[in-house]
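Reviewing the structure listed below.
Laboratory data are not the source of any read-out in this text; all were calculated from the coordinates shown. These numbers were taken from a predicted model, which means no experiment stands behind them. Please note: Cβ atoms are built from the backbone with ideal geometry, for glycine as well, and neighbour counts cover all protein chains shown.
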Amino acid sequence: MYSFEPNEEQQMLVDAVGKYASTDLRPAAREAEESRELPKKLVGKGWELGVLQASIPDAYGGFGERSAVTGALAAEELAFGDLAGAFAIGAPNLFALPILLAGSEEQKKEYLPKVIEGEWRPYTAALIEYSFDFDPSDLRTTAKFSNNEYCISGEKAFVPFAKDAEALIVYANLDGRTQGFIVTKNAAGLTINNERENLMGLNALPLYRVKLDNVTVSASDRLGGASGHDFEPVLASMRLASAAAALGVARAAFEYSRDYAKEREAFGVKIAQKQAVAFMLAEMRTEIEAMRLLTWEAAWKLDNAKGDAFSEAYLASVGAADMAMMVTDRAVQILGGHGYIREHPVEMWMRNGRGFAMLTGLAMV
Amino acid sequence: MTIEFESPKPIAQTQFVLKTVAEEMMRSKSRYFDEHEHEIPWDYIEFMHTAMKTTGGGSLAPKDEKAEADPNKPKRPPIGYQLLAAQIETLAWGDVGMYLVTPGGGLGAAAVQAAASPEQKAKFLARFGGEKPAFAAMCMTEAGAGSDTSAIRTRAVLDEKTNEWVINGEKIFVTAGDKSFNSYEKLDRGFIVVWASIDPSAGRAGMRAFVVESGTPGVKIAKLEHKMGIRVSDTAAISLMDVRVPFDHILGSPTVEKTTTGFKGAMATFDATRPLVAASGLGVARAALEFLKEKLKENGVEIRYGLPRQKLSNIEREVIDMDIMLKSAWLMVLKAVWMADNKKSNALESSMSKVKSGDVTTKITQKAVEIMGPLGYSREFLLEKWFRDAKITDIYEGTGQINRLVVARQILGYSGSELR
Ligand SMILES: Cc1cc2nc3c(=O)[nH]c(=O)nc-3n(C[C@H](O)[C@H](O)[C@H](O)COP(=O)(O)OP(=O)(O)OC[C@H]3O[C@@H](n4cnc5c(N)ncnc54)[C@H](O)[C@@H]3O)c2cc1C
């Protein structure tokens, strides 16, 4: 059957996360962006909503089962509040979900309970590389196998919380395949830049450049164990998270500019009564809906192991990135000069909106 | 409820069966009927009539779903509109012009479904299950009233002496007007649904639809249009001079009160039919996209899904964008008809699906012709025809602009007078 409504459990999660996004994340977003810092308490409260915890089975300390659909719903809500906040709360996903999806039994037993028990703690992953043609399936960072261990060299960019992370997954090119490796804080040869990355957006999120200079990883710390893992499901989960977050940012921009257009007057009427503005809003709403359905379908296919799930997740991430740029750009346009001023959030969302085209790897669902 | 994208079995089955029909009976004749405008595809009509008598599909209103025989079995959710959308998309993939020549009542029957009493439905719709195929058409548009349907000038006046309505006016652009009104040996009697005002001072509230039976005196098919595409579908201009129809041929209330909104009937029809028209456009778009991919493959051009945009060629980017457009537009159609099946109000989703499909259908066919270069422009292939057929999707059943207005009013909470 086709069906387009979240189930009861999902709806409860959406409501709870949505409420936190509106009443906690959103009001703190501008201050966080300007001061380049997210309050610890804020992130902690988001963590307690239990989105990740609910995707881990109780054998590993969680209380549920992973569903990409549910994850996408939650990610949209969080990003609706604030993208930097959403990525911060979800940073431990970057470590836990690949282990859940592709890790060996020992890895799951060892790491999953540690990540999800208790308070939010920085765990992360390093995928992105600093080059214009960065391609997650063709990485420049390499892993070489010798003497029963792996030796990793290269440079990673935009790694969330790298400075404080207890452990991270580093993705590297092993004979042409992208493979994950579990690297702990004090590994020899691992250096983390002191300076944070300086980006056009996401300033509240601490992102770092990470150097790996012959970092050795034991065979048992290769994600999935000795024989490794498929990267496709991990990548699909990243792409879906990116698509879902794009929906959240776009919806925030759409709703804000819609409400503004109903207040603002020009030439004796509300600007929303002008077709030039009303049609922009109609198209924004339509595109958000289109990409939401594509994202949901891709997530559902992933959950149900359908053959074309990976390519559809790719399509959703590409389409949603375009959509987010279009929608956030128009939101600024609808506010006119006021949209360009940092008093309103739309310019921040427009900067965030561009990021989805290149920031796959900062979130997972 | 839950979020689910498993295509129900009956939908997959119907798509499978109709694909053969589309290939054998439609595609193979597409070029011929494109070049012989106003010839009638009798083989297709008769085949579809026979097929639909057994399956019930094809007309623009879903058949009433049979009550489950075993009351202990869990009730299956209704999928009538979903099934219909899938059928229409597949037939349009074959040939959208010919799909419009599918017997079974089309927009005319849809108007009756949406606005008639049970007795009227029984009276007017029974013929579609009869021995011979039959057609029905919807006449709203006039020379001076297209998007602005409230401007129609056709009048209906009650003759108290005979208890008949007397209709006068000029209609244009009536899909299947000829087959619905003129008599053909191979067809059962059809009808046209004519929109007219019973009280011009009341504006939209005074608008009503009337069923005018085939052959009624005073009705004349004035001409058949010559079109850019969908040439096998007749588009008629119809003049009505002192046309008399029985009192009970009015759909909806015969009196005008402040609270009556005769126009609601038309709007309810549109909520149901817009996603279906959207589906018909997407069938054309899919045909074009599949053809393009096939030709590219033949020519050794591979689409490398999964690569970052920066590494893709322009053609790959275009094709990937088309995939995104087509898939997402189809999901919007599905959601809109799913809402209709589940009796959820879908005015927003219905118009959004039409906006999206109008855009997607025109863009994909236009891009496909561009990418194929001289081959795209040549009449050796059907691609150039699909380009011509596609454009109507963004025009009839509310233009792209009119549907944007409907969407905007919905999301802004505006009335027609606040946003016009
Ligand atoms: C092949 C074909 C089949 C058809 N079949 C039928 C049928 O079966 N029954 C039937 O009743 N009609 C039918 N139509 C008519 C069709 O629905 C109308 O052509 C359509 O609604 C547009 O009306 P119009 O052509 O008068 O254009 P106009 O209303 O004159 O519009 C011209 C342009 O102005 C724009 N516009 C108009 N109003 C606004 C506004 N308020 N805001 C912004 N832009 C606006 C339109 O979007 C369009 O771009 C058919 C038409 C064709 C071509």
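Using the membrane-span-like helix rule (whole DSSP H runs, Cα extent along the own axis of at least 24 Å, mean Kyte-Doolittle hydropathy at least 0.5), which helices of chain B qualify?
On the way: long enough: B:263-298 (52 Å, 0.24); B:314-341 (40 Å, 0.52); B:347-372 (37 Å, -0.10).
The answer, listed by residue number, is B:314-341.
For q values of 0.07, 0.08, 0.13 Å⁻¹, compute log₁₀ I(q)/I(0) with the Debye formula on a Cα-only model of chain A, without solvent.
Once normalised to I(0) and log-transformed, intensities are -0.29, -0.38, -0.99.
Kindly provide the pair-distance distribution of the range A:124-250 built from C-alpha pairs, with 5 Å bins from 0 and whole-percent values in order of increasing distance.
Answer for the range A:124-250: a P(r) of 2, 11, 20, 24, 21, 14, 6, 2, 1, 0 percent.
By counting other Cβ atoms within 10 Å of each Cβ, how are B:V166, B:V243, A:V269, B:V17 ranked from fewest to most? Write out the running numbers ahead of the final one.
Working: B:V166 18, B:V243 24, A:V269 11, B:V17 15.
Final ranking by Cβ density, sparse to dense: A:V269, B:V17, B:V166, B:V243.
Between A:E265 and B:S345, how high is the FRET efficiency from 1/(1 + (r/R0)^6) when r is the Cβ-Cβ distance and R₀ = 35 Å? Nearest 0.05. Mind dumping the intermediate values first?
On the way: r = 31 Å, r/R0 = 0.88.
That pair, A:E265 with B:S345, gives E of 0.70.
So what's the gap between the Cα centers of the range A:312-365 and the range A:131-171, to the nearest angstrom?
27
Excluding A:E65 itself, what net charge comes from residues whose Cβ is under 13 Å from its Cβ, given Lys and Arg +1 and Asp and Glu -1? Working shown, then result.
Numbers: positive: A:R66; negative: A:E9, A:D58, A:D303.
Around A:E65, the surrounding residues sum to -2.
Along the Cα-to-C-beta direction of B:T255, a point sits 7 Å from the Cα; which residues of the range B:169-208 have their amide N less than 16 Å from that point?
B:198-199, B:206
Within 10 Å of each Cβ in B:332-341, how many Cβ atoms from other chains are there, averaged over the peptide?
On the way: counts 6, 0, 4, 8, 1, 1, 5, 2, 0, 1.
Neighbouring Cβ atoms belonging to other protein chains average 3 per residue here.
Which peptide among A:192-200, B:77-85, B:181-189, A:312-320 comes first, and what is the full order, when sorted by highest mean count of other Cβ atoms within 10 Å? Working shown, then result.
Details: A:192-200: 12.8, B:77-85: 22.3, B:181-189: 15.9, A:312-320: 28.1.
Result, highest mean first: A:312-320, B:77-85, B:181-189, A:192-200.
Angle check, please: helix A:68-81 long axis (alpha carbons) against the longest principal axis of chain A (alpha carbons), in degrees 0 to 90, nearest 10.
On a 0 to 90 degree scale, this one is about 50.
Across 5 Å bins from the origin, how do the percents of Cα pairs in the range B:263-412 run, short distances first?
2, 10, 18, 19, 17, 12, 10, 7, 4, 1, 0
What list do you get for A:C151, B:C139 if you sort them by fewest beta carbons within 10 Å? Before the final figure, lay out the partial values.
On the way: A:C151 18, B:C139 33.
So the residues, fewest neighbours to most, are A:C151, B:C139.
Structure shown: which of B:K19/B:K295; B:K121/B:K356; B:K179/B:K223; B:K327/B:K367; B:K311/B:K335; B:K9/B:K363 lie over 23 Å apart, alpha-carbon to alpha-carbon?
On the way: B:K19/B:K295 20 Å; B:K121/B:K356 32 Å; B:K179/B:K223 13 Å; B:K327/B:K367 16 Å; B:K311/B:K335 34 Å; B:K9/B:K363 31 Å.
The pairs that break the limit, which is 23 Å between Cα atoms, are B:K121/B:K356; B:K311/B:K335; B:K9/B:K363.
Which whole number gives the average, over all residues in B:315-328, of C-beta atoms from other chains lying within 10 Å of the residue C-beta? Mind dumping the intermediate values first?
Working: counts 0, 0, 1, 0, 0, 5, 4, 0, 7, 13, 4, 0, 9, 15.
Mean number of neighbouring Cβ atoms from other chains: 4.
At 7 Å along the Cα-to-beta-carbon direction for both A:T23 and B:R189, put a label point, then send me their distance in nm to one decimal.
Result for the modelled spin labels: 6.7 nm.
So which chymotrypsin sites (Phe, Trp or Tyr not before Pro) in the range A:44-78 are both in a DSSP loop and have at most 15 other Cβ atoms within 10 Å of their Cβ? Don't skip to the end; give the middle numbers.
Details: sites: A:W47, A:Y60, A:F63; in loops: A:F63.
When the chymotrypsin sites (Phe, Trp or Tyr not before Pro) of the range A:44-78 are filtered for loop state and at most 15 Cβ neighbours within 10 Å, A:F63 remain.
Could you work out the equivalent-ellipsoid semi-axes for the range A:1-158, taking the square root of 5 times each eigenvalue of the Cα gyration tensor, largest first, in whole Å?
29, 22, 16
Need the full-extension length gain, B:S7 to B:R27, defined as separation in residues times 0.36 nm minus the C-alpha distance. One decimal, nm. Show your work: numbers first, answer last.
On the way: separation 20, 0.36 × 20 = 7.20 nm, distance 2.53 nm.
That works out to 4.7 nm of additional length.
How are the C-alpha pair distances of the protein assembly as shown spread across 20 Å bins, as whole percents from the shortest bin up?
15, 43, 30, 11, 1, 0
Let me confirm one metric for peptide A:295-301, namely the mean number of other chain beta-carbon atoms within 10 Å of its residues' beta-carbons.
Values: counts 2, 5, 8, 2, 2, 5, 2.
Partner-chain Cβ atoms within 10 Å, mean over residues of A:295-301: 4.
For the range B:293-368, which trypsin sites (Lys or Arg not before Pro) pass both filters: DSSP loop (anything but H, G, I, E, B) and at most 14 other C-beta atoms within 10 Å?
Numbers: sites: B:K293, B:K295, B:K297, B:R304, B:R309, B:K311, B:R317, B:K327, B:K335, B:K343, B:K344, B:K354, B:K356, B:K363, B:K367; in loops: B:R304, B:K343, B:K344.
Answer in residue order: B:R304, B:K343, B:K344.
Tell me which GluC sites (Glu not before Pro) from the range B:309-405 have a DSSP coil assignment and no more than 12 other beta carbons within 10 Å of their own. Don't skip to the end; give the middle numbers.
Details: sites: B:E316, B:E318, B:E349, B:E370, B:E380, B:E384, B:E397; in loops: B:E380, B:E397.
Answer by residue number: B:E380.
Between B:V301 and B:K223, how many nm apart are label points set 7 Å from Cα along the C-beta direction?
4.1
Is the shape of the range A:128-187 best called rounded, prolate or oblate, per the rule: a/c under 1.5 gives rounded, else a/b larger than b/c gives prolate, else oblate, with a ≥ b ≥ c the square roots of the Cα gyration tensor eigenvalues?
On the way: a/c = 2.29, a/b = 1.03, b/c = 2.22.
Oblate.
Give me the one-decimal nm value for the distance between modelled label points at A:Y340 and A:R196, 7 Å along each residue's Cα-to-Cβ direction.
2.8
Work out from phi, with θ = phi - 60° and the Karplus expression 6.51 cos²θ - 1.76 cosθ + 1.60, the ³J(HN,Hα) of each residue of the range A:127-133, listed in order in whole Hz, and give x for Gly and Pro.
10, 5, 10, 8, 8, 5, 9
Using r as the Cβ-Cβ distance of B:F247 and B:V17, and R0 as 30 Å, what FRET efficiency do you calculate, to the nearest 0.05? Kindly include the intermediate steps, with their values, before the conclusion.
Values: r = 43 Å, r/R0 = 1.43.
That gives a FRET efficiency of 0.10.
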